[in-house]
Every structure is written in structure tokens, then in C-alpha cells.
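Engineer: Take this structure first; my questions come after.
The values are calculated or read from the model by the stated rules, or taken from the named source; none is laboratory data. Given the structure is predicted, the values throughout are model-derived calculations rather than measurements. So basically every Cβ, Gly included, is an ideal-geometry build from the backbone, and we count neighbours across all protein chains shown. The accessibility values were calculated without ligands, DNA or RNA, using every heavy atom of the protein model including side chains. Shrake-Rupley method; radii C 1.70, N 1.55, O 1.52, S 1.80 Å.
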Amino acid sequence: MNAEYTVPTWEAGVKQLAPNIYAYIQAKATWYWSNAGFIVGKDYVVVVDSLATVGLTQKFKDEIRKVTDKPIRFLINTHHHGDHTWGNHVFPGASIISHNLCRHELIATGVMDTGLLNTVFPDLDFTGAAVTPSHITIEKELTLHIDDQEAKLIHFGQGHTIDDLIVYLPREDIIFTGDLIFLYSMPLAMEGSFAGWIKNMGLMTELGAKTYVPGHGPVCDKEGLKECLDYLVLVQKEARKRFDKGMTTDEAAKDIDLGHYKKWANPERILANIERLWREFRGEDPATSKLDVVDVFFRMATFATGI
Ligand SMILES: [Zn+2]
């Protein structure tokens, strides 16, 4: 590992990316600290993702209100994970748009035990986190016309999860990537596909955007996308060697040298990623071969204490 490598810090809060386009960035990229964004049209606002808790989402909404008092008409969920959806109800009256599998997964998985979450993540209060499924679902692509601006919602296929969407603004060359990009916290493919995610990164690159708003971490350019992609390629390659040798998932997770990525937040996610990869190498579909999330979380917590 490059001993000189340090993870940078970055500014949190609202970041204006274009005259009417804003990212909402958290100072941390770790569990449940996710980014969001909003687009201000002539008559209404489109929000990209809610946050994990009512408090975090309310603070985000307060920041939107400092920019505009126009009604929030649409809320896009980039995928079903709680840190992008559990605050949906803080935007009552907004029509929620997601991939059809996002709606399905959100209803199926529900909210985790909030008491347990409050214990494990004491800097957050999950009380009131709720499932509010989307009203409008898409399968591949949908274009929102915000005045004369296009926001293209695109599903590339299985990646971080089975239901990821990106929000691509072609005129401004900006993409809200959801969790297809993690920067400075370990990418997590527990419910997705490494092969699919790597392919999706190529498809996203082909769109030629200049600015990416990751699901976790600071706003970046194509170098940020490459950092995340390189992690996926490294882990997939190293995992395959160990799968072929017959290692267990725990053995492989401990054995892989993550290089500078070891300094990113949540290195314990390697364990969940290896669990997914073992299933993937056996040819199992993430839509039907789900991990026991609670079990993997506990094993990751144990793993983290040994890092
Ligand atoms: Zn996610």
C-alpha cells in the first residue's frame, strides 16, 4: 500500500453544479451517510433521493427551501436502499419515481429494526424511518422534461443492486449516479452484481458526462468513476483466484490486499462483496440468490474489529 495515500476531506452541504442543479453532499461517505440532489424548474422542484432518517432528510429539505420555495413535485429514488428512500415521506405530495424492482425490493425488505440501528449507529436517529414506495415505475429509461431541460432516468441492469437508476442531465453533462459510484467508502455489491456493475460503469462512461454526483463521497469527474471501477475490477479478479483455490469467503476476505482502498471507510464490506462474488461465480442471479443481510452485517462488524 502507498503509505503516502490519505483519504481527502470535502465540504458538506448544497453544492451548485449548474444554474438550477444542486448536489447535496454529506461530509461522511460511510454507512447511511448518502448524497442527494435537486433540480429547480420554472414551476417545481425535482429531488433525487431522500436520506436514511427523518432528521437527515428534513435538514436536506430545509436546505432546498433556502434555495427555492417552489413545490417539490417529483422525487426520484436511485435504488431501494434505506439511505436513499427511508425519508421519502418527508416530501409529501411528491410523486415518487423509481425502477419497478426498487419499488418491489423496498416493500419486500422494509425498514430494518430501528432500535438496533440506533444502537449500531448512535450518531443517527432512525426513529420514524419508513417505507414509502414509488408511484411511478420504469424498467429501462424515462425522460423527465423540466421546462426545456431533459433529465434521463436510465437503468443499465444489475449493478450495485438489481434496481439502480442514474439521473443523466445531458445538457449540463452531469450524472447523479446513485450508488453506482462510491468514493472514499468501499463500494458494496452485496445485493447486486460485480460483472453487471463493471459493465454499467462502461456504459455510464460512454455518456461522456463531466460531473458525477456519487451516492457516497464528494462530487467528482471521470477520475472518481475510475477509482470506484478499479476497486470493482481488483476485487473481482483477486476473488476469482481464491474462489478457484477453494477458499472460504472469510479466508478470501482476509487474504485480499486492497492496497490504498484499505484506507477508505468500511473496508469490512469486502466480506459482503466476496459473499456476492462466490454466488456470482457459481452463476447465481442476485434477484433470486439473496444474502441474509442481518447475518452478513454481524459478520462484517466482527470482521471490522479484526482489521
Ligand atoms: Zn445503496
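Engineer: For segment 240-248, does any single residue satisfy the condition of being at pLDDT 95 or above, of a type in the set (Lys, Arg) and open to solvent by less than 50 Å² (accessible area, probe 1.4 Å)?
Structural biologist: yes
Engineer: Look at Ile64 and say whether it is assigned to a strand (DSSP E or B), in contact (Cβ under 8 Å) with a residue 24 or more places away in the chain, open to solvent by less than 50 Å² (accessible area, probe 1.4 Å) and aliphatic (A, V, I, L, M). Even if it seems obvious, please write down each step before you answer.
Structural biologist: Working: assigned to a strand (DSSP E or B): no; in contact (Cβ under 8 Å) with a residue 24 or more places away in the chain: yes; open to solvent by less than 50 Å² (accessible area, probe 1.4 Å): yes; aliphatic (A, V, I, L, M): yes.
Spelling it out, it is not the case that Ile64 is assigned to a strand (DSSP E or B), in contact (Cβ under 8 Å) with a residue 24 or more places away in the chain, open to solvent by less than 50 Å² (accessible area, probe 1.4 Å) and aliphatic (A, V, I, L, M).
Engineer: Looking at segment 285-307, which of the residues that are of a type in the set (A, V, I, L, M, F, W, C) and open to solvent by less than 50 Å² (accessible area, probe 1.4 Å) is nearest to Ser193 (Cα to Cα)?
Structural biologist: Ranking the candidates gives Ala287 first.
Engineer: Let me ask something else. Quick check, is Ser50 among the small types (Gly, Ala, Ser), on the phi < 0 side of the Ramachandran plot, in contact with a Phe, Trp or Tyr (Cβ under 9 Å, 6 or more places away or on another chain) and crowded, with 24+ Cβ neighbours inside 10 Å? Give the steps one after another, and end with the answer.
Structural biologist: On the way: among the small types (Gly, Ala, Ser): yes; on the phi < 0 side of the Ramachandran plot: yes; in contact with a Phe, Trp or Tyr (Cβ under 9 Å, 6 or more places away or on another chain): yes; crowded, with 24+ Cβ neighbours inside 10 Å: yes.
Against the criterion (among the small types (Gly, Ala, Ser), on the phi < 0 side of the Ramachandran plot, in contact with a Phe, Trp or Tyr (Cβ under 9 Å, 6 or more places away or on another chain) and crowded, with 24+ Cβ neighbours inside 10 Å), Ser50 qualifies.
Engineer: Could I ask something else about it? Any chance you could count how many residues in segment 30-43 are buried (at least 24 other Cβ atoms within 10 Å of the Cβ) and within 12 Å of the ligand (Cβ to nearest atom)?
Structural biologist: Here is the first cut: in segment 30-43, the residues buried (at least 24 other Cβ atoms within 10 Å of the Cβ) are 34-39.
Applying the additional criterion that residues be within 12 Å of the ligand (Cβ to nearest atom) yields 34-35.
Adding up the residues that qualify gives 2.
Engineer: Now for a different question. For segment 121-207, please list each of the strands (runs of 3 or more DSSP E) lying entirely inside it that holds at least 3 residues being within 16 Å of the ligand (Cβ to nearest atom).
Structural biologist: Details: elements: 136-138, 141-146, 149-154, 166-169, 174-182.
Qualifying strands (runs of 3 or more DSSP E): 174-182.
Engineer: Report whether or not Tyr168 is touching a strand residue (DSSP E or B) at 6+ places or on another chain (Cβ under 9 Å), open to solvent by 10 Å² or more (accessible area, probe 1.4 Å) and within 30 Å of Asp295 (Cβ to Cβ). Spell out how you get there, then give the answer.
Structural biologist: Details: touching a strand residue (DSSP E or B) at 6+ places or on another chain (Cβ under 9 Å): yes; open to solvent by 10 Å² or more (accessible area, probe 1.4 Å): yes; within 30 Å of Asp295 (Cβ to Cβ): no.
In short, no.
Engineer: Would you confirm whether any residue within segment 96-111 is within 15 Å of the ligand (Cβ to nearest atom), small (Gly, Ala, Ser) and part of a strand (DSSP E or B)?
Structural biologist: Yes, segment 96-111 contains a residue that is within 15 Å of the ligand (Cβ to nearest atom), small (Gly, Ala, Ser) and part of a strand (DSSP E or B).
Engineer: Of the residues Lys59, Lys70, only one is part of a loop (DSSP other than H, G, I, E, B) and either away from the ligand (no atom under 16 Å from the Cβ) or over 22 Å from Gly159 (Cβ atoms) (or both); which? Step through it out loud before you land on a result.
Structural biologist: Values: Lys59 fails: part of a loop (DSSP other than H, G, I, E, B).
After ruling out the rest, the residue left standing is Lys70.
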